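**Student:** One structure follows; several queries about it will come next.
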2 protein chains.
Amino acid sequence: MIEAGKFWVPGPTEVRPELLDTMRRPMIFHRTPEMEALMERVTRRLRAMFGAKRAVHVISASGTAAMEMAIRNGSIRNVLSIIHGNFGERFAKMAEASGRTVVRLKSALGDAVPLEDVRKALKGGGFDAVTATHNETATGVLAPISALGKLVSEEDDCLLLVDAVSSAGGTPIATDAWCADAVVSASQKAMGLPPGLAFAAVSDRLVERAAKVSGRGHYLDLLQFEEFAAKHQSPTTPAVSLLYALDQQLEDIETETLDRRYARHRAMADACVTRIRRMESVGLGVSLTAKAGLLSPTVSCVSVANNKPVLEGMLKRGYTLGGGQSELAKTSFRIGHMGDHTVAGLNAMLDVLEEVLESVGTGKGERGRV
Amino acid sequence: MIEAGKFWVPGPTEVRPELLDTMRRPMIFHRTPEMEALMERVTRRLRAMFGAKRAVHVISASGTAAMEMAIRNGSIRNVLSIIHGNFGERFAKMAEASGRTVVRLKSALGDAVPLEDVRKALKGGGFDAVTATHNETATGVLAPISALGKLVSEEDDCLLLVDAVSSAGGTPIATDAWCADAVVSASQKAMGLPPGLAFAAVSDRLVERAAKVSGRGHYLDLLQFEEFAAKHQSPTTPAVSLLYALDQQLEDIETETLDRRYARHRAMADACVTRIRRMESVGLGVSLTAKAGLLSPTVSCVSVANNKPVLEGMLKRGYTLGGGQSELAKTSFRIGHMGDHTVAGLNAMLDVLEEVLESVGTGKGERGRV
């Protein structure tokens, strides 16, 4: 664990030096029993993390590629995109860039789209796929996927494609139980690894669908991943060094246990939320962007009049936070309490944040005090 | 340089420990002046390596993705694929998987498609793109791209897309002078880096073409790379650790100088060719797959009756060579003399290879001796 982390971006997250060290191992060839054994271990542990009975695919690319893999293989014509912020919008744009027609359901800022709205949109919409964001990194909203999955599964031949880029590894994922057809993620968020690897848990239905979709392309062709996964291989040369780190981290996570890992993330989120609310109550001009019932266990988005002096003030003290995105670009900052960060490290950072907020005066009063 | 390399696969190649060490550096956020400075340095040096006046794009993915980027952005309907082996065929398949109609021109084994055949195929073919392999890793053939580029550039609105995955960094690349519209490569071959990064030098014509092609997708959308390259950024979270290694290696290559690097590769190829021919002449049952005038500077493909005892014999002595591909799967092995390997290291490996060939008797006589 990282006891005194200073890098609190919601991805890439800080990586333990022990994990970085694994990348010093010499290259191995990817069509060997050694690599197949690594891939078997990695896939077995990813299945537990993703709550998936099928193999979880490992893609040498960033999480965006795994989202595109879901879209390209899992949708045909009409897509319903549930959008809670920047990354939900990215999923929709990606579907359009692949030639699909997209209907957007957008939530209010910091909120999630009500299930009732989804139900209405689905009726008679003729959608063959629904895209959804489990954890919206832009606003710090964790959406309820289980109920959504039930709703979508009642539709005829409509698949559910879930972006879990900033949640997997930090909060329970239940691909099969959610009736999700794709749950995709990436290495550099709650999994606590360097960027460069993406993951995709997929359903039988998605594989069957893929066989019917033309123009799937090559690099993100699910059927190729399926073919190679059967022999614990990847279709193309994988990012070997990053696989070393993944292999080690999944072993370490198994040792920590998923339950304890999720509890640690929840404890970090609770500590962060409590503290931000206290800062708000004393007039430091901050507030949580996400609604109370939807607060993410991995990332907190904090609304503020102007994020520039806050981010710069933190940087001056050695701390990196995330900036804002989209309409919140200048009026929010984000704290990624994910990966191998700890409550102790978070509290130390929040002490400094409070100091910075006091000094820059971001509150309603000129000096930030009421 | 690696003075006593034992890993001679034609990708991934052996990586210097100093480069692996750079990957221990802590994460940085990718929207920062620090990362922009890194990307500016990297791009500047890649332009020199690729002989390109425009920015060379860095993709966090394997080389296959860069090939697909060229196809998806650079072709519309009809593609002519020049094929010298497995990787030329992959380029063609990729175009088909993207919905293009492909005409194949296949060379004889170890040979290159004669320019005259290309000229004939182009006439009246209505192709909007030609795919070609600069260095066919499956057969060890280096194809003449310069003359091909001239030929294709005489066609109306037909782009030339070149796979230089196993040549860039080991032999001169001249994107602009070749009149090539895309020259793509990857990190784990002659550039001497771990796998996980791909590169694409592109022409103005390709960028203009991309704007007219629909269904380009998102992750490999050239126009996004162009937009972000203008501010020295990547469209999505890049593989930060691999960029550290790339940054260091490009600096080291600048110190070595490209000329000396290419001369070292040519010297390794010459040493390998001379030695294989000598082994052939004493009846050790080996011969070069590639024709004399087409021998690759980075990889030698060696035909043999049965590669299994050779590969196993080498492995027993600590050396890893590459196996065969496609129709040569069992009847060839491949030596990747690329990246940071040296003539001294190669000669030491070839001594062991000769010993192995003598002991396993791969020649026409039962004991491998005539």
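**Student:** To the nearest 100 Å², how much accessible surface do chains B and A hide from each other in total, with a 1.4 Å probe? Mind dumping the intermediate values first?
**Tutor:** On the way: alone 14610 and 14590 Å², together 25860 Å².
Buried surface at the B/A interface: approximately 3300 Å².
**Student:** What net charge do the residues around B:Glu68 carry, taking every other residue with its C-beta under 13 Å from that of B:Glu68, with Lys and Arg at +1 and Asp and Glu at -1? Kindly include the intermediate steps, with their values, before the conclusion.
**Tutor:** On the way: positive: A:Arg72, A:Arg216, B:Arg72, B:Arg90, B:Lys93, B:Arg100, B:Arg216; negative: A:Glu68, A:Asp221, B:Glu96, B:Asp163, B:Asp221.
Around B:Glu68, the surrounding residues sum to +2.
**Student:** Could I have the simple spin-label model distance between A:Ala177 and B:Arg44, label points 7 Å from Cα toward Cβ, reported in nm to one decimal?
**Tutor:** So the label points at A:Ala177 and B:Arg44 sit 5.4 nm apart.
**Student:** Out of all DSSP beta bridges with both ends in chain B, state the antiparallel percent to the nearest 5.
**Tutor:** On the way: 21 of 42 bridges.
The antiparallel fraction comes to roughly 50 percent.
**Student:** Give me the mean projected area, in nm² to one decimal, of the convex hull enclosing the Cα positions of segment B:101-174. Walk me through the numbers before you get to the answer.
**Tutor:** Working: hull surface 20.3 nm².
So the Cα hull casts an average projection of 5.1 nm².
**Student:** Percent of accessible area on the protein assembly as shown owned by carbon and sulfur, 1.4 Å probe?
**Tutor:** Details: 13320 of 25860 Å².
Summing carbon and sulfur atoms, their accessible area is 52 percent of the total for the protein assembly as shown.
**Student:** Still on this structure, please answer the following. At q = 0.06, 0.13, 0.15 Å⁻¹, work out log10 I(q)/I(0) for chain B with the Debye formula, treating every Cα as an identical point scatterer and leaving solvent out; two decimals please.
**Tutor:** Relative scattering, expressed as log10 I(q)/I(0), comes to -0.22, -1.00, -1.26.
**Student:** Enter the accessible area per residue of the protein assembly as shown (Å², integer; probe 1.4 Å; all protein chains in place). The partial results should precede the final answer.
**Tutor:** Numbers: 25860 Å² over 740 residues.
Per residue, the protein assembly as shown has an accessible area of 35 Å².
**Student:** Which order, highest average first, do A:304-312, B:241-249 follow once you tally other Cβ atoms within 10 Å for each residue and take the mean per peptide?
**Tutor:** Values: A:304-312: 17.6, B:241-249: 24.7.
Put in order of decreasing packing, that is B:241-249, A:304-312.
**Student:** Relative contact order of chain B, please, whole-number percent, based on alpha carbon pairs below 8 angstrom and at least 6 residues apart. Write down the numbers at each step before the final one.
**Tutor:** On the way: 821 pairs, mean separation 88.7, N = 370.
Value for chain B: 24 percent.
**Student:** At a Förster radius of 60 Å, what calculated FRET efficiency corresponds to the Cβ-Cβ distance of B:Thr255 and B:Leu223, to the nearest 0.05? Don't jump to the answer; show the numbers that get you there.
**Tutor:** Numbers: r = 35 Å, r/R0 = 0.58.
About 0.95, to the nearest 0.05.
**Student:** I'd like the distance between the alpha-carbon centres of segment A:182-244 and segment B:48-118, rounded to an integer number of Å.
**Tutor:** Cα centroid of segment A:182-244 versus Cα centroid of segment B:48-118: 23 Å apart.
**Student:** What's the magnitude of the charge dipole for the protein assembly as shown around its Cα centre, counting Lys and Arg as +1 and Asp and Glu as -1 at the beta-carbon? Answer in Debye, nearest 20.
**Tutor:** 380 debye
**Student:** Right, another one. Can you list residues from other chains, or at least 5 along the same chain, whose modelled amide H is less than 5 Å from the amide H of A:Val56?
**Tutor:** Answer set, sorted by chain and number: A:Arg47.
**Student:** Quick one: of B:Lys6/B:Lys330; B:Lys6/B:Lys106; A:Lys308/B:Lys231; B:Lys53/B:Lys291; B:Lys93/B:Lys212, which pairs are farther than 25 Å apart, Cα to Cα? The partial results should precede the final answer.
**Tutor:** Numbers: B:Lys6/B:Lys330 22 Å; B:Lys6/B:Lys106 34 Å; A:Lys308/B:Lys231 20 Å; B:Lys53/B:Lys291 33 Å; B:Lys93/B:Lys212 22 Å.
Correct reply: B:Lys6/B:Lys106; B:Lys53/B:Lys291.
**Student:** How much FRET efficiency would the formula 1/(1 + (r/R0)^6) give for B:Ala230 and B:Thr331, where r is the Cβ-Cβ distance and R0 is 41 Å, rounded to 0.05?
**Tutor:** Numbers: r = 49 Å, r/R0 = 1.20.
The pair B:Ala230/B:Thr331 has a calculated efficiency of 0.25.
**Student:** While we're looking at this one, here's another question. In square nanometres, what is the average projected area of the Cα convex hull of the protein assembly as shown? Present the calculation step by step, with values, prior to reporting the outcome.
**Tutor:** On the way: hull surface 123.0 nm².
Computed as one quarter of the Cα hull surface, the answer is 30.7 nm².
**Student:** With N residues in segment B:90-134, what two-decimal value do you get for its Cα radius of gyration over 2.2 N^0.38 Å?
**Tutor:** Working: Rg = 11.1 Å, N = 45, 2.2 N^0.38 = 9.3 Å.
Scaled against compact globular proteins, the figure is 1.19.
**Student:** Do any GluC sites (Glu not before Pro) in segment B:3-37 lie in a loop, going by DSSP, with at most 13 other beta-carbon atoms within 10 Å of their beta carbon, and if so which? Provide the component values of the computation, followed by the final result.
**Tutor:** On the way: sites: B:Glu3, B:Glu14, B:Glu18, B:Glu34, B:Glu36; in loops: B:Glu3, B:Glu14.
Sites meeting the loop and neighbour criteria: B:Glu3.
**Student:** For A:Arg77 and A:Glu36 in one chain, what is 0.36 nm times their gap in residues minus the Cα-Cα distance, to one decimal in nm? Don't skip to the end; give the middle numbers.
**Tutor:** Details: separation 41, 0.36 × 41 = 14.76 nm, distance 3.66 nm.
Residue separation times 0.36 nm, minus the Cα-Cα distance, leaves 11.1 nm.
**Student:** Still on this structure, please answer the following. Can you pull out the trypsin sites (Lys or Arg not before Pro) in segment A:1-100 whose DSSP state is coil and whose Cβ has at most 10 other Cβ atoms within 10 Å? Don't skip to the end; give the middle numbers.
**Tutor:** On the way: sites: A:Lys6, A:Arg24, A:Arg31, A:Arg41, A:Arg44, A:Arg45, A:Arg47, A:Lys53, A:Arg54, A:Arg72, A:Arg77, A:Arg90, A:Lys93, A:Arg100; in loops: A:Lys6, A:Arg24, A:Arg31, A:Lys53, A:Arg54, A:Arg77, A:Arg100.
Hits after loop and neighbour filter: nothing returned.
**Student:** A further question follows. Given the Cα atoms of segment A:28-140, and with Rh set as the inverse mean 1/r over their pairs in the Kirkwood sense, what is Rg to Rh to two decimals?
**Tutor:** Numbers: Rg = 17.0 Å, Rh = 16.0 Å.
With Rh from the inverse mean 1/r over Cα pairs, Rg/Rh is 1.07.
The values are calculated or read from the model by the stated rules, or taken from the named source; none is laboratory data. Note that the structure is predicted; figures quoted are calculated from it, not measured. Quick reminder, even Gly has a Cβ in these numbers, built from the backbone with ideal geometry, and neighbours come from all protein chains shown. Just the protein is used for accessible areas: all its heavy atoms, side chains included, with ligands, DNA and RNA removed. Shrake-Rupley method; radii C 1.70, N 1.55, O 1.52, S 1.80 Å.
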